[in-house]
Structures are given as structure tokens and as C-alpha cells.
């Protein structure tokens, strides 16, 4: 998949045929993990806490059943948003702040690179070669 004649893609079919950083940064697992309002709330809760939190602590603060919280936190960890640590029977989760910020910042930069610069269809660095 490459850009056609070094020009901006003229239509969606041509745009789909070229590839650039945006293609690899739009990670479905990340969006699947964040698309559920409960998971988004749990991630925000732990992030604002600023430390690792046990499943029980998170379940208490958000009025969601322990087993549901545990499943949601596991999914967030599988998507790379949280890190888990088990001590005995207690599992604690912490936000992978640097990784999450880097992923979102890179995605935002790639989207910005696709933005037309001069009112024309000029994707800038959006459409590279594979």
C-alpha cells in the first residue's frame, strides 16, 4: 500500500490504499477498552487516585459489583492501560501513565498530520509508504 503519484488521496478508496502512522496508531483494542462508560470511569478513578488500587477499593468507590469491576479492570490491563500486581489474594491495578499518554499523544499527532493545511486536500505526512 503506497501513496498514489505522491499526491494526496483523491477519494476514500485511495486513502485506504495508502498507509501512514495513523493506521497503526488507531488500535481497536484501546478503543474497545475505553468505549464502555464503566471502564472509562474506572480508569479515571484510578488515574485520579495516583496510586495502585485494589479491586475492592475500586468496587467500593464506584458502586459496581466486585466481579464486574474485576472483569473491567482485567480488560483495561489487557489493552495495556493498566498494570496489575497480585499479593496473596489481592490484585491491585495502576495506570500505565507514560504509555497511555504516549499512545494518545502519538495518535493526536498523526491525526493532526492528516489535517489539510491550506484549505486543500493536503494531508501533510499522513500518507506515507508502507
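The values are calculated or read from the model by the stated rules, or taken from the named source; none is laboratory data. Predicted model only: the values in this text are computed from it and were never measured. In this analysis, Cβ positions are derived from the backbone assuming ideal geometry, glycine residues included, and neighbour counts consider all displayed protein chains.
Structure summary
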read-out	value
Matching entry among 98, 79 (being within 20 Å of residue 27 (Cα to Cα), exposed (fewer than 14 other Cβ atoms within 10 Å of the Cβ) and either without any contact (Cβ under 8 Å) to a residue 24 or more places away in the chain or in contact with a helix residue (DSSP H, G or I) (Cβ under 6 Å, 6 or more places away or on another chain) (or both))	98
Single residue of 105, 51 found to be outside any helix (DSSP H, G or I) and exposed (fewer than 12 other Cβ atoms within 10 Å of the Cβ)	51
Members of the stretch 76-98 found to be under 17 Å from residue 34 (Cβ atoms), out of contact with any strand residue (DSSP E or B) (no Cβ under 9 Å at 6 or more places or on another chain) and assigned to a helix (DSSP H, G or I), listed by number	78, 97
Residues of the stretch 2-31 satisfying the condition of being surrounded by fewer than 17 Cβ atoms within 10 Å (Cβ to Cβ), at pLDDT 75 or above, out of contact with any helix residue (DSSP H, G or I) (no Cβ under 9 Å at 6 or more places or on another chain) and in a loop (DSSP other than H, G, I, E, B)	11
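Rundown of residues vs (1) under 21 Å from the mean Cα position of the chain (by Cα); (2) modelled with pLDDT under 95; (3) closer than 19 Å to residue 77 by Cα, yes/no style:
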| position | (1), (2), (3) |
| --- | --- |
| 95 | yes, no, yes |
| 109 | yes, yes, no |
| 116 | no, yes, no |
| 122 | no, yes, no |
